[in-house]
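The values are calculated or read from the model by the stated rules, or taken from the named source; none is laboratory data. Keep in mind the model is a prediction, meaning the values are calculated, not measured. Cβ sites come from the backbone with ideal geometry, for glycine too, and all protein chains shown count toward neighbours.
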Amino acid sequence: MRKLFGLFFIFGILFVTTGCSDSTKKTTQQVTDATLEYFLRQWGAAVVLSDSTAAPSQLKYNSGETATDYTVNSVTYKLGSINMYNYQLTSGSTVYATGPYFYSILSSIVPALYFYRSIQEAENSALENSIPGKKEITEENERISKLPLTKKTAEEMKVEREIVTANESTLPDTTTLYSFYDDAGKTVNAYYLDSGTVTSNGRTVTVKVYVDSTWYNAETNAATASKALLKKFIGTGNNDSIYEWVTNIYGSEWGTTQYTNLIADDKTITILLFDIDGDGYSGSNGAFTVGFFYNRDNFIKNTASSSAIKYSNEKLMFYIDLPYMLKKDSTETSWTTSGLYPNKIYGTLAHEFQHMIHYYQKNIVYSSQSSTWLNEMCSVTTEDFIAEKMGVEGPRGIANVNSTGSKYITSGRLPYFIYYNDDSLNIWDNGLADYSVVYAFGAYLSRNYGGPDFFKKIVQTSDTDFDAIKNAMSGTTDIEKYGSKTWSVSSKDEVKYLSVSSITITPQAGGNTIYFILSNTNTSASSITVKGGSYGRTEAINAGSNTYFNAGTITTATTYTLSLPTGVFATAVAR
Amino acid sequence: MLLSSCFATGSHTLTGTIKVTGNEPHTELIIVTENGKKYQVTGDKASYLRKEKQNNIVKLKGKIIKEPEAIMSGSFEVIEIE
């Protein structure tokens, strides 16, 4: 577990260099390729500068208190600003981080004690949490791709349809049990509760809601919750639904495909509410699987298969945790459909809907495949895109979209990010830190490169991962690398993308606090040392990550040396 | 002698990049070979590869259980990581 460090500010002289200043003329080098280095360095600077509304372009999290509008196909999405310094990570009375976590170099030089602290250590804490996917990584990857594509027709495959089409005029139907497979292949018996239709961009779909029969009979609010969820998903026909908002960005969730073992496009979406994992109201160690989309169900069931496809429900469908939706927060006098937990479920549905669309658009239409980190980034950022429309806090953790919030915000995804801000961006461990990091990155991209429309381009392409992000960009400014060994700070919040390993920084008259962001573009962890005079720090830094250092406040010229392996880059910010 | 029998007919070597794909909670650990083929990686060493080798180029010895087809990954059971 990371130790809790305060932010140490030393006013006065840190040390005085005895070496000669390098009189080499400042050189710059254009970086023309939007690489991992390009993204990590600018993103890191944006995190450090997030309390400023005057950060330069491509470094902006914070445009002030008024939200920024982004329009896609005549639909406007509002994105609120983010000030990372307004967030705090707590557990009970313990404060783990206030604002972005910085390693201080002002301790004595110590060897790296350990590599990355264990995510599992964090998740064994008492923090209440909820994640859209399962907490534990499944040991066995289920195979959904064993069936040959063209050898069999649907008639030749044995198909057992276990869902009886109901007469919708008699809903809710609590006399018939409809069977579904959960993701482990266990049977869930449900009532067909409600249905409705929604139209977006000329496509009309029917959405059907089923509720676990046991929970329906036992819980008074189960029916109300389910109906509210349907209403949020399909709206009233006035562009007021999750379905319309999300398809407007990313396109359709399904269509006719060329593959014989994929389900037909019957323009129906199913939502099944039940107790995911059978863990009731408490979750497992406080963690819940709140909901998911499983592309297994997009395949035609084959009972002869040993893969997960033998349990396909042959539907476009979502699985939603009913107990979680029925929870009441301690601050609420009674449960309502607009309470804390129902609102989290609505966000989860939007999150899972992006996965559903992502699978169709990326895998089927564009015959490609995203890494999980990018897919999850798109989903958490989608929650951000429509949070204001849904009237929820969303991953930003602030209900008012025209506000950066008040110290200190402890909800949403960013409290975890400020503490785990050095977690890898593109290595996926399915921890809460991973979701927080990809959201912070997605929030950065959306606020600097064009909002929802930028994410549409990331999804609707055969490009993958950073190539998809890079090729969605247009009109960007390259970063300039700073090759001089001297830097006289001319303005507050100045940023230098260093290409030197030693630099003497002369502060402004009143002094500056110096921060370093070390960006590791390697695929494995690296060890780095940042020294300033007799102080310094050695740390192990994660692959594909930024690690943030506070190098102290200086009032006189100070020389720093950076021991960086190949693939690790330093960015300096003077504040 | 024993070693050579471990790599008798039916053993394969794949070189490629380790990735985690899909969405939670049903992600897949895959290897993407240099010619773009994708195989789901299984076997005792899969969890190590997932934990330590994401985005790394690796050379794996094992058995091809199934070749990839169109949108569907193949399957490769890892026996040894070189």
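Of all residues assigned to segment A:324-334, at least one qualifies as being surrounded by fewer than 18 Cβ atoms within 10 Å (Cβ to Cβ), of a type in the set (Gly, Ala, Ser) and at pLDDT 95 or above. Scanning segment A:514-541 for residues being surrounded by fewer than 21 Cβ atoms within 10 Å (Cβ to Cβ), touching a residue at least 60 places away in the same chain (Cβ under 8 Å) and within 19 Å of A:Tyr38 (Cβ to Cβ) gives a total of 1. Within segment A:291-313, residues that are within 11 Å of another protein chain (Cβ to nearest Cβ) have Cβ atoms under 7 Å from residues that are in a strand (DSSP E or B) and charged (D, E, K, R) in these pairs: A:Gly291/A:Asp321, counting only partners at least 6 apart in sequence or on another chain. All of A:Thr204, A:Thr214 fail the test of being farther than 26 Å from A:Lys389 by Cβ and surrounded by fewer than 22 Cβ atoms within 10 Å (Cβ to Cβ), apart from A:Thr214.
From the list A:Asp429, A:Asp384, the lone residue that is within 14 Å of chain B (Cβ to nearest Cβ) and among the acidic types (Asp, Glu) is A:Asp429. So, A:Ala472, is that one out of contact with any Leu (no Cβ under 6 Å at 6 or more places or on another chain) and within 20 Å of A:Thr523 (Cβ to Cβ) or not? So A:Ala472 does not fit the description; no. Would you mind stating whether A:Ser411 is under 22 Å from A:Asp429 (Cα atoms) and without any contact (Cβ under 8 Å) to a residue 60 or more places away in the chain? Here the answer is yes, as A:Ser411 does meet what is asked. Residues in segment B:31-56 that are assigned to a strand (DSSP E or B) and more than 8 Å from chain A (Cβ to nearest Cβ): 4 in all. Each residue in segment A:427-449 was checked for being touching a strand residue (DSSP E or B) at 6+ places or on another chain (Cβ under 7 Å) and assigned to a loop (DSSP other than H, G, I, E, B), and 1 of them qualify. Can you confirm whether A:Gly347 is buried (at least 24 other Cβ atoms within 10 Å of the Cβ) and away from chain B (no Cβ under 14 Å)? Considered against the rule, which asks whether it is buried (at least 24 other Cβ atoms within 10 Å of the Cβ) and away from chain B (no Cβ under 14 Å), A:Gly347 comes out as yes.
Given the condition surrounded by fewer than 23 Cβ atoms within 10 Å (Cβ to Cβ) and more than 14 Å from every other protein chain (Cβ to nearest Cβ), answer yes or no: does some residue in segment A:460-467 qualify? Yes. Within segment A:557-565, is there a residue that is of a type in the set (Ser, Thr, Tyr), modelled with pLDDT of 95 or more and closer than 20 Å to A:Ser52 by Cα? Within segment A:557-565, not a single residue is of a type in the set (Ser, Thr, Tyr), modelled with pLDDT of 95 or more and closer than 20 Å to A:Ser52 by Cα.
Per-residue answers, yes or no, for (1) at pLDDT below 95; (2) touching a Pro at 6+ places or on another chain (Cβ under 8 Å); (3) β-branched (Val, Ile, Thr):
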{"residue": "B:Leu3", "(1), (2), (3)": "yes, no, no"}
{"residue": "B:Leu29", "(1), (2), (3)": "no, no, no"}
{"residue": "B:Tyr39", "(1), (2), (3)": "no, yes, no"}
{"residue": "B:Glu69", "(1), (2), (3)": "yes, yes, no"}
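Residues in segment A:256-277 that are assigned to a loop (DSSP other than H, G, I, E, B) and within 14 Å of chain B (Cβ to nearest Cβ) were compared, and the one that is nearest to A:Asp212 (Cα to Cα) is A:Ile263. Criterion applied to A:Ser371, A:Ser379, A:Ser367 was being within 11 Å of chain B (Cβ to nearest Cβ), modelled with pLDDT under 95 and within 30 Å of B:Ser73 (Cβ to Cβ), and the one residue passing it is A:Ser367. Kindly evaluate A:Leu340 against the criterion of being more than 16 Å from A:Asp275 (Cα to Cα) and of a type in the set (A, V, I, L, M). So A:Leu340 fits the description; yes.
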